[in-house]
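Visitor: Please read through the structure below; I'll follow up with questions.
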Amino acid sequence: MVGRVNSGQKHGAQTSSSSPGENGPIPVDILVPILNYLFPDAEKEEQGAQYPAALSQVPEWVAHSGQVEDHPLKAVLSNLKSSGADGLVWRLAIVLCHVIHSLGGLQAAAHLWHEIVLELRFRWDNAIHVPGIGSGSPDLASTLLHQKLQMLNCCITRRQAREKSLSKSEIEEVEDDDEFYECEEEMEDEERSVNSRSVWDKPEGRLKRCGQLRLLKTNEPLYIPYTQEPAPMTEDRLEEHADVLLRLGTDTVGSQLRARMMSASLLSDMESFKAANPGAVLEDFVRWYSPRDWIEQSSDDPSLPPQGSLSTRMQIPGNMWQEVWGSAKPVPARRQKRLFDDTREAEQVLHWLASMGPGAVCCHLQPTILHTSLCRLAEEKLLFSLPAPSSLPQPRHNNTLAAILDMIAQRVTRLSRQPPDTVKYQEVVDQISEVECCIARAQSVRHKILGESPPSGSQLASLEDLVLKLLDSPDVNLEGGPRGAAGAVIRKLFQQARRASLLIDDSPLDVYGGPDDRRSSFNIGSAGPASELGRPVGREYLLRTLVPSPSTFSRPVPHRMFAVVCPNEFRLAGAFSQDTTFC
């Protein structure tokens, strides 16, 4: 791993004198900026590549007026199973496309992925969060790769909290020892207060009081315990868990095993509750954990403990809650077996990431790559004024390129929630490429027609209309003829082409000037428009006449002859008619 320094620590695996970055397909001077772009917290000097504070499915979109508005594809992209805009997976998709296209293909992609896995391993070993992923449990509405990275962050968060709680408990134990040796009077008072309680019934793991609730048997305040948080899961682990439960079958043994697997969290909460509330019964736990299963009876004397009974489903013989309560022991959450083993889960995530090749990584990034492409195309202003090409599926009510992009986004959304199909993804890529070609073609024509400093007013509107006509039809009538604004621009294009071919003087031209403003350098050799427009590639002749046929007494009928003369081709076509009434 190529080393990077942050706060006195070196990110990445320590390497020998021969670093993989030096001998790999990607040179070190290119690899290090890429890694700093993906992990910007490793270099404090580079503040421009920091991740946004909140990740969303659609990036910020600036309208034609320059104001920030809702993204035109927001309604569609909100349902896309991808990752947050400008997050780590988003940037990884962009970088991986660049690496495969320009830096060495799949070998370079494998090199980059190896470096990323080493960086993730380093962050787990040192309890450093992965940036650009977000906090919380894995988002099942995102790609599996994004979920795995979120799971790694969850493991890092749990590890930090566990280590912090352990260090805090050690400090408390030291303080308790100091108090034991220095404060004998306080210890004696405390012993007197717990004489009525056994040493094994000392409450532990109390978070706070649960309102005004009291225990039914002892009438002491009911406390909410510290409990273990439920174990987060990615979608593949959820599928594995559901598959295991289905394989247990429907017989008695299978049902018992299934109930035991599903009651692990319930057992942990019951043990924490017993530790925090010595002398509690199942009814006390139900009042806190599931109030709907406690039927309270009104009492006239407020000093008496509340009276009531469990619901019908809780009183069924062999009820799972009764069995779990009977087997639960008073153990606080910090002494229980962890429901979520962050070390094991993190190692499984890192193994899953390290076992993937560049092809598998690209497969997981397909929805995100298309997501970034759609958002990038939506930034083009010409998208909303160009007509839809005939080669793409046509919308029913809106024949614009923006409507085509919306249809493509809907298809990508459907594909992202289905098993990966490379053939269908390739079809979508071809459609996006066609839209990109249309926009690039429009930008090229617009730049050639309008130039660097476009005119204003009616002349600009006329030229904008000419651009749209040239994109939509192969034959366009020029408004104003050769002396109009459109004619002047077309003449200028031919002049520039002829100047480039003849390598003549590169003197400035008046873009929108009339035919009288021609430079003398373009009249070398011959005069007239033909010399301006360059040597023609061919000549077309069209003859029309109206004469009597087949005899002089017949009515005049139309005749037409068309000829094409090219250096390697000659074509002649005629259309002749006869008067069939007065021959």
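Read-outs throughout are calculated quantities, based only on the coordinates presented, and are distinct from any laboratory measurement. Given the structure is predicted, the values throughout are model-derived calculations rather than measurements. Because the Cβ atoms are built from the backbone with ideal geometry, glycine has one as well, and the counts that use them run over all protein chains shown.
Visitor: When the gyration tensor of the stretch 201-329 is built from Cα positions, what are the square roots of 5 times its three eigenvalues, in whole Å, from largest to smallest?
Guide: 31, 18, 12
Visitor: Relative to the present Cα-Cα distance, how much length would full extension add between Leu543 and Asn399 at 0.36 nm per residue of separation?
Guide: 47.9 nm
Visitor: If the limit is 29 Å between Cα atoms, which of Lys217/Lys329; Lys74/Lys448; Lys208/Lys329 go over it?
Guide: From Lys217/Lys329; Lys74/Lys448; Lys208/Lys329, over 29 Å: Lys74/Lys448.
Visitor: Taking 7 Å along the Cα-to-C-beta vector as the label spot, tell me the Gln212-Ser165 distance in nanometres, rounded to one decimal.
Guide: Spacing of the two 7 Å Cα→Cβ label points: 3.2 nm.
Visitor: Quick one: if the Förster radius is 45 Å, what FRET efficiency do Ile316 and Lys202 give, using the C-beta to C-beta distance and rounding to 0.05?
Guide: Efficiency at R0 = 45 Å is approximately 0.85.
Visitor: A follow-up question, please. Mind checking which of Leu401, Ser416, Ser444 is farthest towards the positive end of the stretch 400-450's charge dipole, using Cβ charges of +1 (Lys, Arg) and -1 (Asp, Glu) about the Cα centre?
Guide: In the stretch 400-450, that residue is Ser444.
Visitor: Straight-line reach from Lys424: which lysines have Cα under 18 Å away, leaving out those fewer than 8 places along the same chain?
Guide: Output for Lys424: Lys81.
Visitor: Efficiency by 1/(1 + (r/R0)^6): what FRET value for Lys469 and Leu245, r their Cβ-Cβ distance, R0 = 45 Å, to the nearest 0.05?
Guide: 0.10
Visitor: Further, regarding this structure: List every residue whose amide H lies under 5 Å from the amide H of Leu222, counting only residues 5 or more places away in sequence or on a different chain, with H placed 1.01 Å from N in the peptide plane.
Guide: Long-range HN contacts for Leu222: Cys210, Leu213, Arg214, Leu215.
Visitor: Mind running the shape call on the stretch 427-502? Use the C-alpha gyration tensor, a ≥ b ≥ c as the square roots of the eigenvalues: rounded below 1.5 for a/c, prolate if a/b tops b/c, oblate otherwise.
Guide: Because a/c hits 1.5 or more and a/b exceeds b/c, the stretch 427-502 counts as prolate.
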